[in-house]
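Chemist: Structure below; questions to follow.
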């Protein structure tokens, strides 16, 4: 017994000695601890922050899958995120735990995967820089504490790239290549936009192998497995939503976009938004350096791993750019484009390593100071912008959360509520909620049709002037039962709940 214990102690000593002898591993662990510490700090402050429209739509849809809420599933939402949320709620987990599982953990997972991906694409130094920047990347930090799908989808997407790179680009014919199909399907079932990865892989393979990849049996197996994983989703969509591709309802065709919307050049604004000042300059220089490397090595790209990495990450920017600028024609929200940062921060790492090596030839300490200065200033700017955004917007929809919680206590299960903020009120009240029309005549028709017990008047989600004025024009039909105020003096109301006391209207005024 004593000998066995001593052997285990010796094994641990050898492991830790080997671990701490590798400076890159130690730095990686320190960066992960930094990422974890930052996220824990904000999570402790924001674990119960009010959810926005899209967050509540996902969560309400998830609850509806398990009969926990009477809510119409939104067709454009792919199923995996709501399904996972619904499972967790069905198991009785609190919202804060679900937030931790679906947002916090995937955010940490992305930071970790970035290191291993950049490491096999370039080296440990580039990987450390990219990982450090991802640990403080403000747009991604913002998502780590909200029920947005971007962190989870990117987590699966990065695993797809990692396994593609490790088991195909580096070592062809690996029996583990089927993992690409699994994780690409999972990414697609969280965010539809990751269908673009199919185009990304095809263009990359055509440029580096022409049509030789078509002879790779394991790639075909991965494609088949991807379709098999997706099949239950398509079947469920057909049975429950009426179409195998019901998610397309949230996307208009290219022809419709071309007729109605201008080309979305504003998508390019995401690059300075992501990198702020110092890092933006370094990114632009790094992009020029990457293009230079590809230009002088254009004829050997297929045989040089570094050039393949440059090409792939460049395509990871170009292909989504083409889609969002010319086809989707929408700059959307910054979080839609977080995958740009996979390439951006890796390119920054490549250039900084090159700069370090050049300065190191003359002065080692000056080289370290130069690189650290760029990273520290860049990280400070990211955290400063992130903190203002994360904290500043944390309670932006608090009145709706409080109203929903009041309604949950002061209503019956069969009561109906009318509001412009359907997902939020449905999620927090647990009641049947219907949309409130924007004009007086249709408000009356909706009230006569639905027979709601309450209506909510608030300046959220494109509420109209007719909605604000409607209860005041029909005082005999409504009784104010709840009012929330912006100010402590309670002179500036922000939200009001009216109980419907009479469904007969004398006029439509």
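Chemist: Hey, among 429, 396, which residue is free of Cβ contacts under 8 Å to residues at least 60 places away in the same chain and under 31 Å from the mean Cα position of the chain (by Cα)?
Modeler: Details: 396 fails: free of Cβ contacts under 8 Å to residues at least 60 places away in the same chain.
Just one listed residue meets the conditions, 429.
Chemist: Residues that are more than 18 Å from the chain's Cα centre (by Cα), more than 30 Å from residue 129 (Cβ to Cβ) and surrounded by fewer than 20 Cβ atoms within 10 Å (Cβ to Cβ): does the stretch 26-41 have at least one?
Modeler: no
Chemist: Follow-up. Sort out which residues of the stretch 486-509 are at pLDDT 85 or above and either touching a helix residue (DSSP H, G or I) at 6+ places or on another chain (Cβ under 9 Å) or surrounded by 14 or more Cβ atoms within 10 Å (Cβ to Cβ) (or both), and write them in order of number.
Modeler: Answer for the stretch 486-509, where residues must be at pLDDT 85 or above and either touching a helix residue (DSSP H, G or I) at 6+ places or on another chain (Cβ under 9 Å) or surrounded by 14 or more Cβ atoms within 10 Å (Cβ to Cβ) (or both): 486, 493, 494, 495, 496, 497, 498, 499, 500, 503, 504, 505.
Chemist: Still on this model: Find the residue count for the stretch 199-216, including only residues that are closer than 19 Å to residue 167 by Cβ and free of Cβ contacts under 8 Å to residues at least 24 places away in the same chain.
Modeler: Restricting attention to the stretch 199-216, the residues satisfying the condition of being closer than 19 Å to residue 167 by Cβ are 200-202, 204-205, 208-209, 212-216.
Cutting the leftovers down to free of Cβ contacts under 8 Å to residues at least 24 places away in the same chain gives us 202, 205, 212-215.
Adding up the residues that qualify gives 6.
Chemist: Here's something else I'd like to know. Report those helices (runs of 4 or more DSSP H) wholly inside the stretch 74-165 carrying at least 3 residues which are within 13 Å of the chain's Cα centre (by Cα) and over 27 Å from residue 199 (Cβ atoms).
Modeler: Working: elements: 80-90, 95-99, 105-121, 124-136, 138-143, 150-164.
Correct list: 138-143.
Chemist: Somewhere in the stretch 174-182, is a residue crowded, with 23+ Cβ neighbours inside 10 Å, modelled with pLDDT of 95 or more and under 28 Å from residue 394 (Cα atoms)?
Modeler: no
Chemist: Could you list, in sequence order, all residues of the stretch 432-449 that are crowded, with 17+ Cβ neighbours inside 10 Å and either over 15 Å from residue 418 (Cα atoms) or out of contact with any strand residue (DSSP E or B) (no Cβ under 7 Å at 6 or more places or on another chain) (or both)?
Modeler: Selection gives 437, 440, 443, 444.
Chemist: Hey, can you tell me all the residues within the stretch 432-449 that are outside any loop (DSSP other than H, G, I, E, B), over 20 Å from residue 411 (Cβ atoms) and free of Cβ contacts under 8 Å to residues at least 24 places away in the same chain?
Modeler: Those that are outside any loop (DSSP other than H, G, I, E, B), over 20 Å from residue 411 (Cβ atoms) and free of Cβ contacts under 8 Å to residues at least 24 places away in the same chain: 442, 445.
Chemist: If a residue has to be without any contact (Cβ under 8 Å) to a residue 60 or more places away in the chain and in a strand (DSSP E or B) to count, how many in the stretch 478-505 make the cut? Step through it out loud before you land on a result.
Modeler: Residues of the stretch 478-505 that are without any contact (Cβ under 8 Å) to a residue 60 or more places away in the chain, as a first pass: 478-480, 483, 485-493, 496, 498-504.
Right, trim to in a strand (DSSP E or B) and you get 478-480, 483, 485, 493, 496, 498-500.
Result for the stretch 478-505: 10.
Chemist: Considering the stretch 190-230 alone, what residues qualify as being surrounded by fewer than 18 Cβ atoms within 10 Å (Cβ to Cβ) and not in a helix (DSSP H, G or I)?
Modeler: Scanning the stretch 190-230 gives 210, 211, 216.
Chemist: Looking at 459, 475, 452, 471, can you tell me which residue is surrounded by 16 or more Cβ atoms within 10 Å (Cβ to Cβ) and in a loop (DSSP other than H, G, I, E, B)? If you could, list the steps in order and put the result at the bottom.
Modeler: Details: 459 fails: surrounded by 16 or more Cβ atoms within 10 Å (Cβ to Cβ); 475 fails: surrounded by 16 or more Cβ atoms within 10 Å (Cβ to Cβ); 471 fails: in a loop (DSSP other than H, G, I, E, B).
Of the residues listed, the single one that is surrounded by 16 or more Cβ atoms within 10 Å (Cβ to Cβ) and in a loop (DSSP other than H, G, I, E, B) is 452.
Chemist: Residue check, residue 93 against (1) within 30 Å of residue 415 (Cα to Cα); (2) buried (at least 17 other Cβ atoms within 10 Å of the Cβ); (3) modelled with pLDDT of 95 or more, all met but one. Which one?
Modeler: Here residue 93 meets the rest and fails (2).
Chemist: Name the residue, out of 312, 233, 274, that is assigned to a helix (DSSP H, G or I), assigned by TED's automatic domain parsing to the domain that holds residue 170 and buried (at least 17 other Cβ atoms within 10 Å of the Cβ).
Modeler: Details: 312 fails: assigned by TED's automatic domain parsing to the domain that holds residue 170; 274 fails: assigned by TED's automatic domain parsing to the domain that holds residue 170.
Among 312, 233, 274, only 233 is assigned to a helix (DSSP H, G or I), assigned by TED's automatic domain parsing to the domain that holds residue 170 and buried (at least 17 other Cβ atoms within 10 Å of the Cβ).
The values are calculated or read from the model by the stated rules, or taken from the named source; none is laboratory data. Only a predicted model underlies this, so the values are computations on that prediction, with no experimental measurement involved. Please note: Cβ atoms are built from the backbone with ideal geometry, for glycine as well, and neighbour counts cover all protein chains shown.
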